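Some notes on the structure that comes next.
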Amino acid sequence: MRQILVNGRRIGYEVRPETLDEAALTLVMIHGSGGHKADWGAQLEGLSNGHAVVALDLPGHGDSDPPGEQNVAAYAEWVTGFVEALGLSRVMLVGCSLGSATALWLALHPRPWLRAVGLVGAGARLKVHPAFLDGFLKDSQAAIGMLVEYALFQGSTDSLRQTIRSQFLGCPVELLHGDFTACNEFDVMERVGSVELPTWIVVGAEDRLTPPKYSAFLHDRIPGSRLDMIPGAGHLVMIEKPDAFNSLLRGFLATLPGPSHAP
């Protein structure tokens, strides 16, 4: 576990390989609501033989100092501070769910270091059902049980279901509510067509939280974007189908202009 100081707070992260080439393209992975950097374990290990990969904990999550935030713009500022604290000059942001909203926000407010974005389980608008927002505060166990069912493909193993359930149960209820509030208030439907960065969009074919039609909307409006759908996967596609996910991401990276591989 590593930490770096960003705006006076410790932000946890993992990196592969252990030493970063600050001039090479680095993949910076952003987890979703109630998540943490370990959600990208298969990418840290599976992609690092050809790319620099960094997974961070958003504030309040994992090994990062609390509190969390309640809007996407605030999380985007933390990601910006994190990337700049590491001194990275060429970055592709890859985010899932809340992380995808954060990456998309930064694509609409681009920084000099941002070269491409990956939007996983994404949408231009992420309205949250009141059963989740209200449920976290009224009956968190029931709401989390429902969340696990919606987040995973129905054919997922019991072991994976228990792992994801334990992760959500270990997250402070206030943090979950804040994350889902941030998603619920996110809406860039009228602006998403102005994204000019290379954009990879990937979704599980069985995603019930952000159905494939959300990704199709993004693909239709973001010029030159690439859309991939992975069968037999739900919302957490990078965990459910890591090999397919990693292969498709490598394919997208190969299309980027300039050197996209770590030397």
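The numbers here are math on the coordinates, done by the rules we state, and not lab data. Note that the coordinates shown come from a computational prediction; the quantities given were computed from them, not determined experimentally. Note that we place each Cβ from the backbone using ideal geometry, even for glycine, and neighbour counts take in every protein chain shown.
One entry in (i) 123; (ii) 108; (iii) 185 is volume of the Cα convex hull per residue in Å³ calculated from the shown coordinates; its label is (ii).
Rg and Dmax over the alpha-carbon atoms of region 63-104 stand at 10.7, 29 Å.
Within the set Lys37/Lys213; Lys127/Lys213; Lys138/Lys241, which residue pairs have Cα atoms separated by over 22 Å? Table pairs above 22 Å Cα-Cα are Lys37/Lys213; Lys138/Lys241. If you run the Gaussian network model on the chain, springs between alpha carbon atoms under 10 Å, then out of Ser140, Ser48, Ser247 the most flexible one is Ser247.
Over region 120-261, the hull volume per residue, using the convex hull of the C-alpha atoms, is 120 Å³.
Within region 178-251, the proportion of Cα pairs with more than 13 Å between them is 68 percent.
Counting only DSSP H runs of at least 4 residues, each contributing -39500 (n - 2.57), and dividing by the residue count of the chain, the helix-based mean residue ellipticity at 222 nm comes to -12000 deg cm²/dmol.
Hey, could you grab the Kirkwood Rh for region 42-165? Inverse mean 1/r over distinct alpha carbon pairs, Å, one decimal.
On the way: mean 1/r = 0.0610 Å⁻¹.
This gives a value of 16.4 Å.
Determine, for each peptide in 93-100, 189-196, the mean count of other beta carbons within 10 angstrom over its residues, then list the peptides with the highest first. Before the final figure, lay out each step's value.
On the way: 93-100: 28.9, 189-196: 14.5.
By packing density, highest mean first, the sequence is 93-100, 189-196.
Placing one equal scatterer on every Cα of region 1-109 and applying the Debye formula, the log10 ratio I(q)/I(0) at q = 0.20, 0.21 Å⁻¹ is -1.01, -1.13.
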